[in-house]
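Heads up: the structure comes next, in structure tokens.
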Amino acid sequence: MVGEAQTIATDITPDGIFQLAAGFMAAKHLFVASEIDLFSHLAAGPATLDDLASRAGVPRRTARISVDAMVAVGLVERSGQHYRNTPSAATYLSGRGPADLRPILRFWNRISYPTWMGFEQAIRSGQAPNRQGGGFSAEDQRIFSEGIAAFAAAPAEALAVGYDFSGHRRMLDLGGGIGSYLIPVLRRHATLQGTLFELPGAAAVARQHMDREPEGARVEVVAGDFFTDPLPAGHDAILIANVVHVFSPEHNRALFQRARAAARPEARLLIVDMLTDPTRTQPLFAALAAGEYLVIAGEGDVYSDEEVRAWLLDTGWRPLERKPLAGPTSVLVAEAT
Ligand SMILES: C[S@@+](CC[C@H](N)C(=O)[O-])C[C@H]1O[C@@H](n2cnc3c(N)ncnc32)[C@H](O)[C@@H]1O
């Protein structure tokens with residue numbers, strides 16, 4: 001009614017919406033704190049603001065803005081004038097813990113974040129360029145490949161430990177990045193040989209990594225496009241990790257078919273990805289990442305367990321089991337039919 005004040009139910013607050021909307025600020029704060037090595041500087045010991053500014057080489061005023069935000073989000077603790085890492089920052093962000101997530105933060109900061117500027121246009125038009133299709137500069141390719149490897153570290157270790165590779169002799173890793181899965185698997189299975197198949201830019205980064213890893217001596221890196229070039233034959237295990245989300249259903253079916261044609265008759269196919277529930281809304285991370293795959297890979301998306309099983313059945317594979325690995329990532333195992 002005109003002139004009548006609208007009432008807002010007091011039990012419905014906008015707090016959740018504001019918190020969600022400010023998520024981009026929290027993310028950017030985290031990326032920049034990591035870029036200025038805030039957490040590694042704090043790993044050297046508790047620091048005052050002056051210590052921190054001098055260790056990070058930034059003005060005191062902006063060191064305060066950065067570190068206060070990290071206190072607010074729970075990654076840094078303040079006691080009097082001294083700041084220190086919380087256990088999660090010390091473990092994952094300091095470069096001195098058992099795991100290092102800084103490369104994936106760098107990837108999200110330097111590659112994803114600018115690419116998301118095109119998200120509205122991508123949603124409106126249904127189109128975005130495939131930045132993974134070999135279009136990176138050498139520097140961006142390194143940031144991309146190392147970032148994905150940091151994200152993959154925990155599920156890769158879980159696969160190496162949780163899947164029985166003892167019956168396999170040769171594993172082909174299609175779109176294998178820098179060997180984020182292949183290296184941990186080979187480390188735990190001394191007789192397994194690996195072939196890593198990658199686009200030429202990523203293959204070049206992979207070769208450099210193989211030279212640094214003892215298991216690299218058991219890996220042949222083959223450069224090519226898995227849709228158009230011959231796939232290396234004679235493998236009894238084929239891994240397709242975090243590749244399904246890069247492509248359309250049609251492309252994924254074609255890839256599974258090509259893998260089947262190249263595989264040994266007794267081969268197993270391991271699909272590792274963030275497979276969703278039938279509604280594609282769980283896990284939450286996967287539902288959000290669908291936007292990332294859209295802007296970074298053009299035709300990328302997240303897919304449900306049921307969709308991927310249907311592609312397998314269509315392309316000469318029989319799905320056997322699905323196992324959770326780490327976080328939102330799981331593995332779907334299939335056998336050749
Ligand atoms: C998200 S990354 C996954 C890397 C690795 N498998 C992992 O899980 O850490 C997808 C990979 O697929 C590779 N890729 C994309 N299109 C390809 C193609 N047509 N042929 C071969 N590799 C391709 C990309 O270069 C990229 O390294």
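Could I get the Rg over Rh figure for segment 243-298? Both from C-alpha atoms, Rh via Kirkwood, rounded to two places.
Rounded to two decimals, Rg/Rh equals 1.05.
Assigning unit charges at the beta carbon (Lys, Arg +1; Asp, Glu -1) and nothing else, what dipole magnitude in debye, to the nearest 20, does segment 265-337 show about its Cα centre?
200
Where a ≥ b ≥ c are the square roots of the eigenvalues of the C-alpha gyration tensor, would you call segment 28-98 rounded, which needs a/c under 1.5, or, failing that, prolate if a/b is larger than b/c, or oblate?
Rounded.
Kindly work out what percent of the DSSP beta bridges joining two residues of the chain are antiparallel, to the nearest 5.
In the chain, DSSP labels about 50 percent of beta bridges as antiparallel.
For segment 168-311, what class follows from the C-alpha gyration tensor (a ≥ b ≥ c being the square roots of its eigenvalues): rounded when a/c is under 1.5, otherwise prolate if a/b is larger than b/c, else oblate?
Prolate is the answer for segment 168-311, as a/c is 1.5 or above and a/b outweighs b/c.
If you build the convex hull over the alpha carbons only and average its shadow over all orientations, what do you get for segment 71-145? Give it in nm² to one decimal.
Values: hull surface 29.4 nm².
That works out to 7.3 nm².
Once the convex hull of the C-alpha atoms of segment 202-260 is built, how many Å³ does it hold per residue, rounded to a whole number?
100
Using helices alone, what [θ] at 222 nm do you get for the chain, with -39,500 (n - 2.57) per DSSP H run of 4 or more residues, divided over all residues and rounded to the nearest 500?
Computed mean residue ellipticity for the chain: -13000 deg cm²/dmol.
Would you mind checking the radius of gyration and Dmax of segment 12-135 based on alpha-carbon positions, in Å?
In order Rg, Dmax, the Cα atoms of segment 12-135 give 17.0, 52 Å.
Treating the Cα atoms of the chain as identical point scatterers in vacuum, please give the log10 of the normalised Debye intensity I(q)/I(0) at q = 0.09, 0.12 Å⁻¹, two decimals.
Log-scaled intensity ratios, in q order: -0.55, -0.91.
Can you put HIS29, HIS235, HIS209 in order of accessible area, largest first, using a 1.4 Å probe?
HIS29, HIS209, HIS235
Can you list the DSSP H helices in the chain whose Cα atoms extend at least 24 Å along the helix axis and whose mean Kyte-Doolittle hydropathy is -1.0 or higher?
138-162
What figure, in Å² to the nearest 10, do you get for the accessible area of TYR92 with a 1.4 Å probe and non-protein molecules left out?
Accessible area, nearest 10 Å²: 100 Å².
Provide, for q = 0.24, 0.31 Å⁻¹, the log10 of I(q)/I(0) from a solvent-free Debye sum over equal Cα point scatterers in segment 117-165.
Calculated log10 I(q)/I(0) at the listed q: -0.88, -1.02.
Starting from the coordinates of the alpha-carbon atoms of segment 242-337, obtain the Kirkwood hydrodynamic radius over all distinct pairs and give the value in Å to one decimal. All intermediate terms of the calculation are to be shown ahead of the outcome.
Working: mean 1/r = 0.0746 Å⁻¹.
Evaluated on segment 242-337, it is 13.4 Å.
The values are calculated or read from the model by the stated rules, or taken from the named source; none is laboratory data. Note that the structure is a prediction, hence the values are computed from the model and not measured. So basically every Cβ, Gly included, is an ideal-geometry build from the backbone, and we count neighbours across all protein chains shown. What goes into the accessible areas is simple: the full protein's heavy atoms, side chains included, and nothing from ligands, DNA or RNA. Shrake-Rupley method; radii C 1.70, N 1.55, O 1.52, S 1.80 Å.
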